[in-house]
Amino acid sequence: MLSLLLLHFKIKRMKVLKFGGTSVGSVENMTNVKTIIDNGEKKIVVLSAMSGTTNSLVAIASHIENNAREAALAAVTALYETYTPVLKHLLTETTLHELAAAYVLERFEVLKTACNTPFSSVLENEILAQGELMSTFMFHCFLKQEGLRSALLPALDFMKINAQKEPSFLHIEQEITEALAAAGDADIYITQGFICLDAEGHVSNLQRGGSDYTATIVGAAIRAEEVQIWTDIDGMHNNDPRFVEGTQPIANLSFDEAAELAYFGAKILHPQTVLPVQKDGIPVRLKNTMDPEAKGTSITRNHVESGIKAIAAKDAITAIKIKSGRMLQAHGFLKKVFEIFETYETSIDMITTSEVAVSLTIDDDSKLDAIVADLEQFSSIEVDKNQSIICLVGHAIVNHDGTHKLFQILKDVKIRMISYGGSNNNISLLVDTDNKIKTLQKLNSYLFQFAAV
């Protein structure tokens, strides 16, 4: 036990670096990653599956669920053929190439066996885990070939979630120390993002984008000096660059600001990324694998400036209007409404109220029919699908002098709902998804481009 404590003391100031699927999606990009991490410092590197792999694995699982066994096997073969040239060009040293090729073949044998196995959620999770297992083994072999002191740190040895699908932090802290001891002395410890064990010990995962979450969970567990999230964009931008031209990276965000942006649609971060490290104030830095010299975005406890910093959008939102005369001067009405959503384990994003109606939004409509049926027992219900939440984020924006500018857009775009004042760091607008891009562009003009002139 003493040796483990000493080891924990030695490694607790390491950095944790996470690289996404695009960052390890080609031989060239893996080489870039090797260059980034080869700086003589001890670190833990968290890797996603190679880009495109998880989508293919999802498709394979879907074929099996639908009893399309031949289609599943064909998809397995097609995916395997994408790995052969990567192995050939990444690993030129014969022994390491043969070792990695044998391991990849073994993973694909697992997938072939799965194609003839009755479908279950456990089987699906085992299928989805294969991508991270392959990318980490291949990259570990590549580092060995390049003369770096690398060791594999299997995530399934320490990453675990509880019955509520939340990280089992005490278990992770204890087990990662033992896993590091078992891995031996190295400069770079390679582990898998996304995958974990569930409360019953079955292979599970942290949902799509969960490698970010893995990195900060690991960072919190070892009290890391810093967690770096490396992707294919130079930090968090002040608007969505897919839909708006001329967006700019944000140099600094607070944990609260970053959490709001991630939850409301900023794709660069998993929604829960900052939560594990926020308590201990462990900084998170967002960096670009393709442009390592770019400053990126620093996420810390500090509120560097006030006012609106960024805009994000969350799609696939359903708005529900609950109207009832029983609301008028009645207590307990909202409690009754909320209990229905709790019963069906469906979270609410936005809510506004009047004397006779409540409007709210959900992003999971899988139980919508049952929810509506229960609400209709005491209310009239209107449902609007294909909505988007436009979220404006910044420190103390509710009270900032410049915030009034956003309301200039109300004359140009139909706004379904407004959430103002529920958080000092967030103002949210609900619009029809058909108007989302126009809204993002107009807000960008009002808030950032005009302000810069």
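Things worth noting here:
- Exceeding the 28 Å Cα-Cα cut-off - candidates Lys160/Lys436; Lys34/Lys88; Lys18/Lys165: Lys160/Lys436
- When both bridge partners sit in the chain, DSSP labels roughly 60% of those beta bridges antiparallel.
- In the chain, the longest principal axis of the Cα atoms and the axis of helix 210-221 are about 80 degrees apart.
- Global geometry of segment 73-133, whether rounded, prolate or oblate, following the gyration tensor of its Cα atoms and the 1.5 cut on a/c: prolate
- When only Cα pairs below 8 angstrom with a gap of at least 6 residues are kept, the chain shows a relative contact order of 13 percent.
- Peptide packing: for 39-49, 243-253, the average count of neighbouring Cβ atoms within 10 Å per residue gives the ranking 39-49, 243-253, highest mean first.
- Where the chain is the region considered: accessible area per residue in Å², 1.4 Å probe: 45
- Tilt relative to the chain, helix 27-37 - C-alpha long axis, 0 to 90 degrees, to 10: 90
- With the convex hull constructed from alpha-carbon coordinates only, segment 32-92 shows a mean projected area of 5.6 nm² over all directions.
- Ranked by the mean number of other Cβ atoms within 10 Å of their residues, highest first, the peptides 179-185, 57-63, 126-132 come out as 126-132, 57-63, 179-185.
- With 10 Å bins beginning at zero, the pair-distance distribution over Cα atoms of segment 65-178 amounts to 12, 34, 30, 21, 2 %.
- Semi-axis lengths, largest first, of the ellipsoid equivalent to segment 126-262 are 28, 20, 15 Å, with √(5λ) applied to each eigenvalue of the Cα gyration tensor.
- Shape category assigned to segment 1-135 from the gyration tensor of Cα positions, a/c cut at 1.5: prolate
- Residue (of Ile299, Thr92, Ile37) at the positive-pole extreme of the chain, dipole from beta-carbon charges: Ile299
- Rounded percent of accessible protein surface that carbon and sulfur make up, segment 156-235, 1.4 Å probe: 44
- The Rg/Rh ratio of segment 286-372, with both radii computed over alpha carbons and Rh defined as the Kirkwood radius, is 1.19.
- Between 0 and 90°, nearest 10: helix 94-114 axis offset from the chain longest Cα axis: 50
- Order by protection proxy (mean Cβ within 10 Å, highest first), peptides 221-228, 195-202, 254-261, 300-307: 254-261, 221-228, 195-202, 300-307
- Secondary-structure-derived ellipticity at 222 nm for the chain, considering helices only, amounts to -12000 deg cm²/dmol, per-run term -39500 (n - 2.57) for DSSP H runs with n ≥ 4.
The values are calculated or read from the model by the stated rules, or taken from the named source; none is laboratory data. Remember, predicted model here, so these are calculated numbers, not experimental data. Cβ coordinates were reconstructed from backbone atoms using ideal geometry, including for glycine residues, and neighbour counts include every protein chain displayed. Side chains are part of the model used for accessible areas, which takes the heavy atoms of the whole protein and leaves out ligands, DNA and RNA. Shrake-Rupley method; radii C 1.70, N 1.55, O 1.52, S 1.80 Å.
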